[in-house]
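Down below is the structure, laid out as structure tokens.
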Amino acid sequence: MSPTVGFFGTTGTVGSALLPELVKANKDGKIKLVILHRESTDLSKLPKELETRVLDLSEAGLEKNKAALKDFDVVVSSVGAPGIDSQNYIVEALVGSANLKTFIPSDFGTNWTEKELEAPGLADIKQKLAVVSKAKSLGVPITQIRVGLFDQFFFAYKAVGVDVQGNTIQKFRNNIQAPFRITTLAYLAYAVAKFVGDESTLTKLANETVVLYDYTPTGQEIVDTLTKIHGKPTEISEYPENQYQEDLQGPYAIGAALKAQWGNNSWGATATEVEGWQTKSYEELFRQWL
Ligand SMILES: NC(=O)c1ccc[n+]([C@@H]2O[C@H](COP(=O)([O-])OP(=O)(O)OC[C@H]3O[C@@H](n4cnc5c(N)ncnc54)[C@H](OP(=O)(O)O)[C@@H]3O)[C@@H](O)[C@H]2O)c1
């Protein structure tokens, strides 16, 4: 039988990327998809044929959530920062769930070390680890999905100092020689749909960490690609160490910490293989964002 999949967080950046692939898998009979949502969630963009169930992510919600979550092979959550903590209520309601192979909480970040997480601007990320600890302590199987920087954040938001339109790049430590990990949201959606559509894969993923990224250009490969696209040399500026230290304290902390992972080539565990995904050349990829 095809796995029954509960999906929470459908309206966010990651959620909207995952949704079409999961809806397609549902249509193709590869999964039975059930949308989980808050009372206040806007469901107007969902295909009408999908089953929906409400969660109450508060102290009062346990019995309601247990009933809503009782029959899933896998629950996937892609909540944003304000909702990370509230996933503890999902974990509590999944205790003893008979069919559950694994819970995939909203992580979708890189492999941060404890030292990196000491930066004040990265404090919120610790909440993700607390959800994992809670699941482990309650015996709920859990799978963390780690990624690189999403394509949207790399290209459109220029989060690590590469400006494809402006033909510029920031040099930091050894980043001209080192690879940067980009995860396209399309690849993430492809991989998640593949995982949840196969019961034996789900069983194998319990209490594992998966790492997904589909492009790893070095700084030099970025420079070469931009130079070719623009027909003139790419401007290379320096990201100063004191700016890095300052950025780590506040809202730019994730970008700063990723620049350091890149410049130090300290990305941690490498990619999990997912069959069948076709990548483009760097030139084709970059041209999509011009
Ligand atoms: N690697 C990267 O480049 C990268 C970039 C961005 C994000 N991320 C990670 O990806 C994950 C998803 O982020 P996102 O940007 O997709 O988030 P987002 O767009 O902010 O997601 C919003 C979603 O979270 C739900 N939500 C918001 N507040 C909530 C609360 N208090 N309780 C429960 N649910 C709540 C919303 O539900 P309603 O519809 O009910 O409001 C909505 O579905 C996060 O873990 C984030 O750290 C990674």
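Is it the case that region 158-175 has a residue that's in the same structural domain as ASN207 (by TED's automatic domain parsing) and part of a loop (DSSP other than H, G, I, E, B)?
From region 158-175, those in the same structural domain as ASN207 (by TED's automatic domain parsing) are none; that's our starting set.
No, every residue in region 158-175 fails to be in the same structural domain as ASN207 (by TED's automatic domain parsing) and part of a loop (DSSP other than H, G, I, E, B).
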Looking at this structure, is ASP85 within 11 Å of the ligand (Cβ to nearest atom) and either closer than 21 Å to GLU208 by Cβ or surrounded by fewer than 21 Cβ atoms within 10 Å (Cβ to Cβ) (or both)?
yes
Within region 1-57, how many residues are β-branched (Val, Ile, Thr), part of a loop (DSSP other than H, G, I, E, B), touching a helix residue (DSSP H, G or I) at 6+ places or on another chain (Cβ under 9 Å) and within 14 Å of the ligand (Cβ to nearest atom)?
2
Please verify whether region 157-178 includes one or more residues that are touching a strand residue (DSSP E or B) at 6+ places or on another chain (Cβ under 9 Å), hydroxyl-bearing (Ser, Thr, Tyr), touching a residue at least 40 places away in the same chain (Cβ under 8 Å) and over 20 Å from SER86 (Cβ atoms).
yes
Spot the failing condition for GLU92; the list is (1) within 11 Å of the ligand (Cβ to nearest atom); (2) out of contact with any strand residue (DSSP E or B) (no Cβ under 9 Å at 6 or more places or on another chain); (3) closer than 18 Å to LEU57 by Cα, and only one is missed.
(1)
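Within region 37-59, is even one residue in contact (Cβ under 8 Å) with a residue 40 or more places away in the chain, surrounded by fewer than 17 Cβ atoms within 10 Å (Cβ to Cβ), over 24 Å from PRO82 (Cβ atoms) and in the same structural domain as GLY197 (by TED's automatic domain parsing)? First the steps, then the outcome.
If we filter region 37-59 for residues that are in contact (Cβ under 8 Å) with a residue 40 or more places away in the chain, which is where we start, we get 53, 55.
In the following step, the residues that additionally are surrounded by fewer than 17 Cβ atoms within 10 Å (Cβ to Cβ) were identified as 53.
Within this subset, residues satisfying the condition of being over 24 Å from PRO82 (Cβ atoms) are none.
No, that holds for no residue.
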Those residues of region 111-163 which are within 11 Å of the ligand (Cβ to nearest atom), of a type in the set (A, V, I, L, M), closer than 20 Å to ASP247 by Cα and crowded, with 20+ Cβ neighbours inside 10 Å amount to ILE125, LEU149, VAL160
Of the conditions (1) under 23 Å from HIS37 (Cα atoms); (2) within 14 Å of the ligand (Cβ to nearest atom); (3) in a loop (DSSP other than H, G, I, E, B), SER97 fails just one. Which one is it?
(2)
Matching residues in region 1-28 - criterion: being at pLDDT 95 or above, surrounded by fewer than 20 Cβ atoms within 10 Å (Cβ to Cβ) and under 23 Å from SER97 (Cα atoms):
SER2, THR4
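With respect to ALA60, is the statement that it is of a type in the set (Gly, Ala, Ser) and not in a helix (DSSP H, G or I) true? Please lay out each step first, then the result.
Working: of a type in the set (Gly, Ala, Ser): yes; not in a helix (DSSP H, G or I): no.
For ALA60, the condition - of a type in the set (Gly, Ala, Ser) and not in a helix (DSSP H, G or I) - is not met.
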Picked from region 158-180 (must be under 18 Å from LYS232 (Cβ atoms) and of a type in the set (A, V, I, L, M)), the residue farthest from the chain's Cα centre (by Cα) is ILE169
Residue match in region 63-77 (condition: within 29 Å of ASN265 (Cβ to Cβ), crowded, with 18+ Cβ neighbours inside 10 Å and out of contact with any Lys or Arg (no Cβ under 9 Å at 6 or more places or on another chain))
no
Residues that are over 20 Å from ARG181 (Cβ atoms) and free of Cβ contacts under 8 Å to residues at least 12 places away in the same chain: list the helices (runs of 4 or more DSSP H) wholly contained in region 205-290 that include at least 1 such residues.
241-247
Please pick out the residue among PHE108, PHE103 that is crowded, with 18+ Cβ neighbours inside 10 Å and within 10 Å of the ligand (Cβ to nearest atom).
PHE108
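The values are calculated or read from the model by the stated rules, or taken from the named source; none is laboratory data. Worth saying up front: this structure is predicted, and the values here are computed from it rather than measured. Don't worry about glycine lacking a Cβ; one is built from the backbone with ideal geometry, like all the others, and counts go over all protein chains shown.
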